[in-house]
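Enquirer: Below are the structure tokens for one structure; questions will follow.
The values are calculated or read from the model by the stated rules, or taken from the named source; none is laboratory data. In this text, all values refer to a predicted model and were calculated from it rather than measured experimentally. Reconstructed Cβ throughout: ideal geometry from the backbone, glycine too, with neighbour counts over all protein chains shown.
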Amino acid sequence: MLILPVGAPGSGKSHLADSLVKLGYIDAEAVVATDQYRRVMTGNRRNNSLDDDVYLVCLTIARSRLRMKLNVYFDATNLDIERIKGLISTAGQYGEETVTVFLDADLETCLKRNRGRPFPVVEERIIKAVERYDLLDRSVYPGTQLVPDSLIVWLNAQNA
């Protein structure tokens, strides 16, 4: 199974991953986190200079796990609809289902959570991500026109 959380930094994507691991729904190895590989590849999880390379490494790991019939929780903002469609298509190629989880959190909530992080994201990136998230055409998702073959879950992440 492919789990695709969608949301701005601070919306609760990594928290959801941690919770799913702690509850035993997925193994820790299932979490493919761009922040983790950004740190491995650049020495700093907030260094975005190699974002495309980081994404490709994470995509390769996700594809390999899906091919081996292993769960994947793709921990990234996942705001690029073409990338989302590509990941879902990859899961489908290997006969795996996808659950897309949209985490609704407003800008104030994301910024507040970010300030409590040991490695905060630059606030300008959060503002842009929330704007991109808010521009997603939510009416399209239930009809699965943009995200085919995916179960859609909407979470209110304000108080989660």
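Enquirer: Just to check your reading of the model, which residue among Arg39, Arg67, Arg46, Arg63 is in contact (Cβ under 8 Å) with a residue 60 or more places away in the chain and among the basic types (Lys, Arg)?
Expert: Exactly one of Arg39, Arg67, Arg46, Arg63 is in contact (Cβ under 8 Å) with a residue 60 or more places away in the chain and among the basic types (Lys, Arg), namely Arg46.
Enquirer: Can you name the condition, by its number, that Ser11 falls short on among (1) among the polar types (S, T, N, Q); (2) modelled with pLDDT of 95 or more; (3) surrounded by 18 or more Cβ atoms within 10 Å (Cβ to Cβ)?
Expert: (2)
Enquirer: Can you confirm whether Arg45 is surrounded by 15 or more Cβ atoms within 10 Å (Cβ to Cβ) and within 21 Å of Arg132 (Cβ to Cβ)?
Expert: Taking the combined requirement at face value, the residue satisfies it.
Enquirer: Out of the residues in region 72-96 that are acidic (Asp, Glu) and in a loop (DSSP other than H, G, I, E, B), which is nearest to Ala33 (Cα to Cα)?
Expert: The selected residue is Asp80.
Enquirer: Any idea how many residues of region 15-29 are buried (at least 17 other Cβ atoms within 10 Å of the Cβ) and either farther than 23 Å from Leu135 by Cβ or without any contact (Cβ under 8 Å) to a residue 60 or more places away in the chain (or both)?
Expert: So the count comes out to 3.
Enquirer: Could we say that Leu2 is of a type in the set (A, V, I, L, M), surrounded by 13 or more Cβ atoms within 10 Å (Cβ to Cβ) and touching a Ser or Thr at 6+ places or on another chain (Cβ under 9 Å) here? Explain how you work it out, then say what you get.
Expert: Values: of a type in the set (A, V, I, L, M): yes; surrounded by 13 or more Cβ atoms within 10 Å (Cβ to Cβ): yes; touching a Ser or Thr at 6+ places or on another chain (Cβ under 9 Å): yes.
Yes; evaluated as a whole, the condition is true for this residue.
Enquirer: Does region 101-117 hold any residues that are assigned to a loop (DSSP other than H, G, I, E, B) and within 25 Å of Leu2 (Cα to Cα), and which are they?
Expert: Pass one, region 101-117, residues assigned to a loop (DSSP other than H, G, I, E, B): 105-106, 116-117.
Hit for region 101-117 is Ala105, nothing else.
Enquirer: Could you please let me know if Val130 is modelled with pLDDT of 85 or more, more than 17 Å from Leu16 (Cβ to Cβ), surrounded by 19 or more Cβ atoms within 10 Å (Cβ to Cβ) and not basic (Lys, Arg)?
Expert: Yes, satisfied.
Enquirer: Next question, about the same structure. Taking region 118-137, which residues are within 17 Å of Asp35 (Cα to Cα), touching a residue at least 40 places away in the same chain (Cβ under 8 Å) and part of a helix (DSSP H, G or I)?
Expert: Arg125, Ile126, Ala129
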